[in-house]
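The values are calculated or read from the model by the stated rules, or taken from the named source; none is laboratory data. Predicted model, so just to flag it, every value in this text is computed and none were measured. Here the Cβ is made from the backbone with ideal geometry for all residues, glycine too, and neighbour counts use every protein chain on show.
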Amino acid sequence: MANPSFPNEYNLRTVAETASKPCFVCHKASTKVLITADNKDFFYTCPSHLLDRGFASPIIDEKAEAEKKKQEQLAKEKEAIIKEYEEKMKKKGKDVKKVDDPAKVAEEEKNQKLKALDTKAATGATSDDGPRQNFYQIRLDRKSNIERSKREAARVSNAGFFPSAPTGNLA
């Protein structure tokens, strides 16, 4: 198998409920499809099989992972800013909901910090559905068996495939 007919990288797609077909493994109706980038191979699979480590494993996108960690860090920073603001208000003896002029300054400061974090977060978005891979050999074998049976059917339908009946006398 020096040159496989399609790559071992599948992208996860979702189809409409009306277009669902049987899962490749368990034959239950599914709307999740694993498809190659060049659309040469695809198969339907259940969401439960996608979570199974023995069936498919995600290709880890370094950029997406870094972006996800960055988003988590920004969320933690936001929480810290909000807690800091609430503590300032408690120290001043003010209720957080009740705002006076000195408190407005602190609130504006908080809002500016939150906006700065939001602009950092707005730089990119990540997707949870990534490409997945596995069960590749089964798919390759199936495709090669289909091609082999097509070639065999073409050879059988050819007139020169079977030997001719004997024409001479038996004596």
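Residues in region 64-81 that are loosely packed, with under 12 Cβ neighbours inside 10 Å and acidic (Asp, Glu) were compared, and the one that is nearest to Lys110 (Cα to Cα) is Glu79.
Looking only at residues of region 1-42 that are touching a helix residue (DSSP H, G or I) at 6+ places or on another chain (Cβ under 9 Å) and aromatic (Phe, Trp, Tyr), we find that the one that is surrounded by the most Cβ atoms within 10 Å (Cβ to Cβ) is Tyr10. Only one of the numbered conditions (1) loosely packed, with under 12 Cβ neighbours inside 10 Å; (2) within 14 Å of the chain's Cα centre (by Cα); (3) within 17 Å of Arg139 (Cβ to Cβ) is not met by Ile60, and that is (3). Among the residues of region 91-104, none qualifies, meaning not one is under 30 Å from Gly54 (Cα atoms), at pLDDT below 70, of a type in the set (Val, Ile, Thr) and surrounded by 13 or more Cβ atoms within 10 Å (Cβ to Cβ).
Here is a yes/no grid of residues against (1) within 21 Å of Ile60 (Cβ to Cβ); (2) modelled with pLDDT under 85:
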position	(1), (2)
Ala2	no, yes
Phe6	no, yes
Glu9	yes, yes
Glu17	no, no
Cys26	no, no
Thr31	no, no
Asp41	no, yes
Cys46	no, no
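Being under 30 Å from Gln112 (Cα atoms), at pLDDT 80 or above, of a type in the set (D, E, K, R) and out of contact with any Gly (no Cβ under 6 Å at 6 or more places or on another chain): is that true of Lys70 here? So Lys70 passes the test.
Within region 27-79, the residues that satisfy the criterion of being of a type in the set (S, T, N, Q) and under 17 Å from Asn8 (Cβ atoms) are Thr36, Asn39, Thr45, Ser57. Please give the number of the condition Asp52 fails out of (1) of a type outside the set (Lys, Arg); (2) touching a residue at least 12 places away in the same chain (Cβ under 8 Å); (3) closer than 19 Å to Gln137 by Cβ. Here Asp52 meets the rest and fails (2).
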